[in-house]
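Encoded as structure tokens, the structure appears first; notes follow it.
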Amino acid sequence: MSSSPLISASSTLDPSPADTVPITDIPGSYGLPFLGPIFDRYDYYYNQGEVQFFQSRKDKYQSTVFRSNMPPGPFMAGNSRVIVLLDNASFPVLFDVSKVEKRDVFEGTYMASTKFTGGHRMCAFLDPSEPKHAALKGFFLSTLAKLKNKVIPQFTAVYSGLFTDLEEQVKVNGRSSFNDLNDNRAVEYLFRLYCDGKSPAATKLGGAGNKSFDTWLVPQLAPLMTLGIKWVPNFVEDLALHTFPIPFCIVKSAYDKIYDSFYENMERIILDDAEKAGVEREEAVHNVIFVIGFNSYGGFKVFFPALFKWVGAAGAGLHKQLASEVRRVVDQEGEVWHCFLLFESAEELYPAI
């Protein structure tokens with residue numbers, strides 16, 4: 001999908017310093033076939049770590065743009081060669097679909113088997129040049145528009161008891177697990193949002209739907225993660241997680257619960273819109289589950305706890321400031337509501353991706 005340029009082709013601009021820099025070959029190396037990607041994988045996960053991996057190569061090549069291999073490499077990914085962009089000036093090229101192909105690269109340089117998603121390639125793995133990309137993207141934006149007024153009310157209804165549960169656990173056990181409670185509430189919230197307020201506890205998914213989502217997500221993300229267990233040798237972990245894919249059959253029952261629950265309970269108008277956009281209902285459900293699992297649930301699982309961690313670590317000064325600001329707004333406005341700002345077109349919201 002294309003977007004309208006902000007500046008017309010006939011516009012005249014003064015050359016910026018970047019325009020006068022001579023064009024040179026991109027530095028870097030992919031190393032020996034087969035061995036190069038493995039060496040880079042060990043550097044990334046075990047020898048250097050993510051930050052030092054990029055910093056050391058940036059220093060070595062004296063460039064924020066360079067060639068390298070990215071995990072997981074053999075035998076998980078057929079092609080691990082990438083060009084790394086570490087600066088703001090070069091990053092916008094990623095939005096130029098004439099220069100960058102986005103086919104099958106959502107999870108890095110590999111794509112998990114389509115068996116994990118009902119035999120379909122999800123929208124996130126489609127290049128914008130593929131016809132179904134536009135149909136699925138339009139379907140998602142249409143769905144967001146229909147759900148926008150339910151986002152905050154459902155969130156409030158589901159999450160309002162989270163801190164009460166935390167305090168109750170502390171009172172009874174002397175400690176509490178924010179992550180476990182948050183994960184469970186996240187799936188509860190997302191299911192209610194897409195399924196007209198129904199609770200997953202009343203479906204095949206049950207009251208611990210987050211466990212099913214975790215079971216389904218881990219094999220797909222394992223090639224991009226490390227366990228951090230000191231007594232497990234690096235080569236053992238690397239062989240188990242980064243060398244061969246975990247088969248779908250191990251998690252099939254968990255995904256079947258997720259799919260059946262959403263297919264049977266999702267708002268009919270959402271699936272009707274999918275068919276109008278040229279997407280079969282079954283494929284639409286698989287795509288919705290993928291977005292919920294990787295984007296929404298993943299965000300709640302990773303970033304929500306991190307937010308509370310850093311706010312908590314900031315100290316009493318910030319806590320008082322936040323409390324004062326919130327109470328002042330509530331006193332002035334009453335209960336505060338917010339809904340998504342939706343743009344007129346997909347191009348405005350997500351240009352050329």
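The values are calculated or read from the model by the stated rules, or taken from the named source; none is laboratory data. None of the values given here were measured: they were computed from a predicted structure. Ideal geometry is used to build each Cβ from the backbone, glycine not excepted, and the neighbour counts take in all protein chains shown.
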Filter the stretch 36-68 for residues that are among the β-branched types (Val, Ile, Thr) and part of a helix (DSSP H, G or I); the one that is surrounded by the fewest Cβ atoms within 10 Å (Cβ to Cβ) is Val51
With the first residue restricted to the stretch 115-128 and required to be touching a residue at least 40 places away in the same chain (Cβ under 8 Å), and the second required to be in a loop (DSSP other than H, G, I, E, B), Cβ contacts under 6 Å at 6 or more apart or on different chains are Ala124/Phe106; Pro128/Met1; Pro128/Val97
The one condition Lys230 fails out of (1) assigned to a loop (DSSP other than H, G, I, E, B); (2) touching a residue at least 12 places away in the same chain (Cβ under 8 Å); (3) more than 21 Å from the chain's Cα centre (by Cα); (4) at negative phi is (2)
Would you confirm, using the coordinates I've provided, whether Ala284 is in contact with a Gly (Cβ under 7 Å, 6 or more places away or on another chain) and either buried (at least 18 other Cβ atoms within 10 Å of the Cβ) or modelled with pLDDT under 95 (or both)? no
Log entry, pairs with first residue in the stretch 77-99 being more than 15 Å from Lys58 (Cβ to Cβ), second being charged (D, E, K, R) and surrounded by 12 or more Cβ atoms within 10 Å (Cβ to Cβ), beta carbons closer than 9 Å, six or more apart or on different chains, reads Ser80/Asp40; Ser80/Arg41; Arg81/Arg67; Leu94/Lys102; Val97/Asp127
Pairing a residue in the stretch 242-253 that is surrounded by 13 or more Cβ atoms within 10 Å (Cβ to Cβ) with any residue that is in a helix (DSSP H, G or I) and among the hydroxyl-bearing types (Ser, Thr, Tyr), where Cβ atoms lie under 7 Å and the two sit 6 or more apart in sequence or on different chains, gives Val251/Thr215
Of Gly293, Gly317, Gly312, the only residue that is modelled with pLDDT under 90, of a type in the set (Gly, Ala, Ser) and assigned to a helix (DSSP H, G or I) is Gly312
